[in-house]
Amino acid sequence: MPRAKPTPRYRFRDVQREDFPRLANWLAEPHVAKWWGEPSTELASIEEAMTSGQTRPMIVELDGEPIGYLQSYDPHLEGGHPYQDQPKGTLGIDISIGIAELTGKGHGSAIIRQLSAELFARGATRIVIDPDPENVQAIRAYEKAGFRYIDTRTSIYGPAHFMALDAPEETDLI
């Protein structure tokens, strides 16, 4: 008898304008601010992404409560993106857990695993992520989620520890 799939623990929903005060608070938190830009600049970027169609900004919910921000994007839709050397079907992601007390508890890798599975189910063939090389906690979380180091690159934000996760082969799913 086949086992029932477990209910996803996390839910990913599109950012709404009502989320901006919460996002502003998260972006100002020291554990987030260290890796992201000025909150007003980041919020303007999120607002632009809500209508541009190039990046999908999302809120991560844990058991119905918002706990973080993430986004996915296709590097091939952005002129001159440094990750356009990746195969078609590649999506890039970024994540930040907004609540400091929830960091270091395995949520980052669990969220990334679940999001990756959902993106692969929708047709993505590879997922890339690019933490700052000094963000050891994030790199460890991505490694736990199955990502492997590709190389060090330079993004618009500076040096990036470029990592990738490829879609599972059909035989891996059996």
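What the table below lists for this structure:
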read-out	value
Once exposed loop trypsin sites (Lys or Arg not before Pro) are cut out (DSSP; at most 11 other Cβ, 10 Å), longest piece of the chain	35-87
Least to most buried among L43, L27 (fewest other Cβ within 10 Å first)	L43, L27
Area projected by the alpha carbon convex hull of region 58-142, averaged over all directions, nm²	6.1 nm²
Cβ-defined net charge surrounding Y69, 12 Å radius [Lys, Arg +1; Asp, Glu -1]	-3
Listed residues A160, I139, S52: farthest to the positive end of the dipole of the chain (Cβ charges)	I139
Gyration tensor (alpha-carbon) shape descriptor, the chain, a/c threshold 1.5	rounded
Loop sites in region 87-174: chymotrypsin sites (Phe, Trp or Tyr not before Pro), DSSP, at most 14 other Cβ within 10 Å	Y157
Dipole magnitude of the chain about its Cα centre (Cβ charges: Lys, Arg +1; Asp, Glu -1), debye to nearest 20	560 debye
Loop-located GluC sites (Glu not before Pro) in region 44-141 whose Cβ has at most 16 other Cβ within 10 Å (DSSP)	E78, E134
Expected 222 nm ellipticity per residue - DSSP helices of 4 or more, -39500 (n - 2.57), all of the chain, to 500	-8500 deg cm²/dmol
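Bear in mind that the values in this text are calculations on the coordinates, not laboratory data. In this text the structure is predicted, and so the values were computed from the model without any measurement. Using ideal geometry, Cβ is built from the backbone for each residue, glycine included, and neighbour counts are taken over all protein chains shown.
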